[in-house]
Amino acid sequence: MNADDLKVKVLGIVGTPIKDGNCQYMLEESLKAAEETGPVETELVHLQDYRIEYCIGCEGCLSRVHRLQKEVGFDVMPVPVKEYNCGIKDDMEILHKKMLEADGIILAAPVYIATVPGQVKTFIDRSRTFVHDYRLRGKAAAPLTVAFYRNAGEDTTLQMMTISLLAIGLSVVAFGASTVSTKEGVGILVKETRFAVKEDWLGMTAVKGVGSQVAQAALSMKAGRLALEEAGLEIKSRAWFPMPGE
Ligand SMILES: Cc1cc2nc3c(=O)[nH]c(=O)nc-3n(C[C@H](O)[C@H](O)[C@H](O)COP(=O)(O)O)c2cc1C
């Protein structure tokens, strides 16, 4: 293993209908902090640029994963799914590929009525294959949020994102960070810049910390994986639910 093998990629996903808004700015700063942490490359994607249909609950992804598991064994993790595993052919195919290629993922979304905007929930629902195929295992993740008011749904939104990231198999490595997009978080708009988030010193400090934590964890996880491979040590994973026959 040499230094070149240890480069990692952190993918930032911003989920809000607003382009170039507070949420996007916050994520950009977090990714900059990730880059400053070490040999880290970053990419930001905005869900607004992608066509994402609702999940229709067809269970196709699950059936295909189970069929594959019957062939290779239920203890094989990740399940060797080769292709895009969703029956809906839209831009989720591009996003799944980007998630699989990343070593770390930061999901940023504003508070919409104490939780994430609908498009973020749709994005999460459409990532269901990863709950069952474990292909995102060993990747670091964390959530970021921004709200109009301080203490007006940030905690519930971060919780929702944390649980969702864990559910699709990512390792959440930071508590997450929240910012406010109005002056002092009391609902006064900053008309001049429209970027009140820039003035939220505490929030932005935490946002940068999260970027750095995800980068550090992604680097350590990759280094660990490569070291295990080099030593010829095979690690046996287990599913978090009983496997057939148990
Ligand atoms: C439908 C909707 C619901 C919202 N709900 C909340 C809320 O529950 N709490 C809050 O503090 N701000 C709420 N906001 C304000 C946004 O979180 C805030 O404007 C944020 O900065 C939006 O991010 P953006 O600037 O990237 O668009 C809501 C905004 C919208 C449009």
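Only residues that are part of a helix (DSSP H, G or I) and either touching a Cys at 6+ places or on another chain (Cβ under 8 Å) or touching a residue at least 24 places away in the same chain (Cβ under 8 Å) (or both) were counted in the range 52-63, giving 3. Residues in the range 147-176 that are outside any loop (DSSP other than H, G, I, E, B) and either of a type in the set (D, E) or farther than 22 Å from S127 by Cβ (or both): A147, Y149, E154, D155. Selection of the range 92-121 for residues being in a loop (DSSP other than H, G, I, E, B) and open to solvent by 40 Å² or more (accessible area, probe 1.4 Å) yields I113, A114. Of all residues in the range 58-75, those satisfying the criterion of being of a type outside the set (S, T, N, Q) and open to solvent by less than 50 Å² (accessible area, probe 1.4 Å) are G60, C61, L62, V65, L68, G73.
Sub-6 Å Cβ pairs linking a first residue in the range 178-191 that is farther than 12 Å from A152 by Cα and more than 8 Å from the ligand (Cβ to nearest atom) to a second residue that is open to solvent by less than 40 Å² (accessible area, probe 1.4 Å) and not aromatic (F, W, Y), at least 6 apart or interchain, are K183/V190; K183/A196; I188/T182; L189/T182; V190/A196, ordered by first then second residue. Looking across the range 131-146, the residues that are within 12 Å of the chain's Cα centre (by Cα) and outside any loop (DSSP other than H, G, I, E, B) come down to A140, A141, A142, P143, L144.
Among the numbered conditions (1) of a type in the set (S, T, Y); (2) within 16 Å of the ligand (Cβ to nearest atom); (3) open to solvent by 20 Å² or more (accessible area, probe 1.4 Å), the only one that T162 does not meet is (2). Inside the range 4-39, can you point out the residues that are within 22 Å of T162 (Cβ to Cβ), out of contact with any Ser or Thr (no Cβ under 9 Å at 6 or more places or on another chain) and of a type in the set (V, I, T)? Across the range 4-39, the qualifying residues are V8, I13, V14, T16.
May I ask you to verify whether G169 is within 14 Å of the ligand (Cβ to nearest atom) and either among the charged types (D, E, K, R) or open to solvent by less than 40 Å² (accessible area, probe 1.4 Å) (or both)? So G169 fails the test.
In the range 1-30, what residues are closer than 21 Å to L219 by Cβ, within 16 Å of the ligand (Cβ to nearest atom) and open to solvent by less than 10 Å² (accessible area, probe 1.4 Å)?
Result: G12, I13, L27, S30.
Contact map, the range 109-124: residues that are charged (D, E, K, R) paired with residues that are at pLDDT 95 or above, Cβ distance under 8 Å, separation 6+ or inter-chain. Pairs shown: K121/T115. Restricting the search to the range 122-159, which residues are buried (at least 17 other Cβ atoms within 10 Å of the Cβ) and at positive phi? Y134, G138, G153 - these are the residues of the range 122-159 that are buried (at least 17 other Cβ atoms within 10 Å of the Cβ) and at positive phi.
The values are calculated or read from the model by the stated rules, or taken from the named source; none is laboratory data. Quantities reported herein were computed from a predicted structural model and do not represent experimental measurements. When we count neighbours, we look across all protein chains shown, and the Cβ atoms used for this are built from the backbone with ideal geometry, even at glycine. Surface accessibility is based on the protein's heavy atoms, side chains included, excluding ligands, DNA and RNA. Shrake-Rupley method; radii C 1.70, N 1.55, O 1.52, S 1.80 Å.
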